[in-house]
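Inspection log for the structure reproduced underneath, given as structure tokens.
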Amino acid sequence: PGTVSDPWKLMLLDATFRAVQQTCHLIHYLRLSHHLIVLNYLICTFDKLKSVSSEDINITDAVFDGVEVRVFEPPAKRDERLKRSVVYIHGGGWALASARTSLYNNLCRIMAESLNAVIVSVEYRLVPEVCFPEQFHDALRATKHFLQPDVLAEYSVDPSRIAISGDSAGGNLAAAVCQQLSKDEQLTIRPKLQALIYPVLQAFDFNTPSYQQNMNMPVLPRYVMINYWIDYFNGNYDLAHSLLINNHTALDVGQALSFRGRLNWTSLLPSSFKKNYKPVIQTTGKAEIIQEIPALLDVRAVPLLAENETLQLQPKTYILTCENDVLRDDGVMYAKRLENAGVEVTLDHFDDCFHGCMIFTIWPTDFSAGVQTRNSYIKWLDENL
């Protein structure tokens, strides 16, 4: 579908990840353990070999309203009173990775250094320990706790210069939390910005142009993303094929009718993204899927389906998308809907980059795409926060 920077390295990474996934699924099949628990264990074990530390940033672990967080604090400068801050929510399909892994530890450390900002990295609970809506609740509780005046004062944070951000599934949680905060009338402090990195924002249509174009693209093929959704909702894998062909949002599924206009990619996407792809809209489908998994239409899980009244309340927004990514159109459509609602939006699109690239900056998974996207993201935060 397009050029990719470091193609051979990406193919090697994808082949390794697929082999590990197959091993984990075999362990799951033998009922020795859940495949996601094994996969996350292997990721974290390998990650320990690549620990990145810093003498300039103070890194501490804390608990915010029952939720574990990791806080990155740059040293105080002379005559400086208050710092900027970013609440960061890591990706991993709501099931993998950690705020403590070197990939995210390194990203948050560099953010703290580059922005001279306090970074709060949220360690929300993962699938299969918990499923939706617990990840959302964890992220919301930790963020609301941090936004309390006394907590901000403890970390010397300027209440008017706070961003909420995340990548992939973390971008999903960041968008959902930001929507919830915007409607909370009891809050006195709200984020100034939101910054979403290749966010996953909808489970309504698995046949957007980017889902069709990149269905087999490393490191997030379409079937893998659908399985992440099923795991997040504690659903049945037998539904995967029906979801793939949009049976859950067919024309005869009444529950989906009111949401259809909010995710009409034929009007929300520019022609350069639509290309020659055609919508996949089933005439008759399976309404029982929505009955079995109502969260498929819950805006706390699928922020792209939020009503315009909620979108109008969102802060200035940055959305990073990659051409070689099934989730490209999720971010582009959200940018357009926010823009239509009157929100100032920066859509930062990269033609030669792929899903997940921003955290791959440490050997042996170091990609030029990772440094390129990370620098652009941090530059926007620096100029706007």
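Charged neighbours of His248, selected by a Cβ distance under 12 Å, balance to -3 (K, R count +1; D, E count -1).
Ordering 169-176, 158-165 by mean Cβ neighbour count within 10 Å, with the highest value first, yields 169-176, 158-165. Per-residue ellipticity at 222 nm, computed for the chain from helices alone with -39500 (n - 2.57) per DSSP H run of at least four residues, works out to -12000 deg cm²/dmol. Around the Cα centre of the range 48-383, unit charges on the Cβ atoms of Lys, Arg, Asp and Glu (plus for the first two, minus for the last two) sum to a dipole of about 460 debye. Taking the C-alpha atoms only, the angle from helix 7-29 to the longest principal axis of the chain is near 70 degrees. Cut-off 10 angstrom, C-alpha nodes, Gaussian network model of the chain. Which of Asn276, Asn375, Asn308 fluctuates the most? Comparing Asn276, Asn375, Asn308 in a Gaussian network model of the chain, the most mobile one is Asn276. Highest GNM mean-square fluctuation among Leu26, Leu243, Leu201, for the chain modelled with Cα contacts below 10 Å: Leu26. The residues packed around Leu239, meaning those with a beta-carbon under 9 Å from its beta-carbon, carry a net charge of -1 if Lys and Arg are +1 and Asp and Glu are -1. Annotation: peptides 345-355, 294-304, ranked by per-residue average of other Cβ atoms within 10 Å with the highest first, follow the order 294-304, 345-355.
Taking 30 Å as the limit for the C-alpha separation, the pairs Lys77/Lys379; Lys144/Lys316; Lys77/Lys316; Lys144/Lys274; Lys192/Lys278 exceed it in the case of Lys144/Lys274; Lys192/Lys278. Taking packing as the residue-averaged number of other Cβ atoms within 10 angstrom, the listed peptides 182-189, 124-131 run from highest to lowest as 124-131, 182-189.
Solvent-accessible area assigned to carbon and sulfur over the chain amounts to 52 percent, based on a 1.4 Å probe. Karplus-based coupling profile of the range 193-203, in residue order and whole Hz: 9, 10, 9, 10, 9, 5, x, 9, 10, 7, 10, with θ = phi - 60° in 6.51 cos²θ - 1.76 cosθ + 1.60 and x standing for Gly or Pro. Once the Cα atoms are used to define both axes, helix 368-384 deviates from the longest principal axis of the chain by about 60 degrees. Taking a sphere under 11 Å around the Cβ of Ser160 and counting the other residues whose Cβ falls inside, with K and R at +1 and D and E at -1, yields a net charge of +3. Beta bridges assigned by DSSP with both partners in the range 267-385 are antiparallel in approximately 20 percent of cases. Entry note, the range 167-289: relative contact order of 25 percent, from Cα contacts under 8 Å with a spacing of 6+ residues.
Take every Cα pair under 8 Å whose residues are at least 6 apart in sequence, average their separation, divide by the length of the chain, and the relative contact order is 18 percent. Residues considered: Glu288, Glu123, Glu80. Largest GNM mean-square fluctuation over the chain, using C-alpha springs under 10 Å, is found at Glu80. When the Cα positions of Thr101, Val224, Ala250 are compared along the charge dipole of the range 48-383, Ala250 comes out farthest toward the positive end, with charges on each C-beta of Lys, Arg, Asp and Glu.
Going by alpha carbons, how many degrees (0 to 90, nearest 10) lie between the helix axis of 222-232 and the longest principal axis of the chain? Tilt relative to the chain: about 70 degrees. Farthest towards the positive end of the charge dipole of the range 48-383, among the residues Tyr124, Ile59, Pro303, is the Cα of Pro303, using unit charges on the Cβ of Lys, Arg, Asp and Glu. Of the three principal axes defined by the Cα atoms of the chain, the extents in descending order read 66, 46, 39 Å. The distance linking the range 89-104 with the range 297-317 is 24 Å (Cα centroid to Cα centroid, whole angstrom).
The values are calculated or read from the model by the stated rules, or taken from the named source; none is laboratory data. This is a predicted model, so every value here is computed, not measured. Neighbour counts are summed over all protein chains in view; Cβ atoms, including those assigned to glycine, are modelled from backbone coordinates with ideal geometry. For the accessible areas, the whole protein counts, side chains as well, though only heavy atoms, and no ligand, DNA or RNA atoms are used. Shrake-Rupley method; radii C 1.70, N 1.55, O 1.52, S 1.80 Å.
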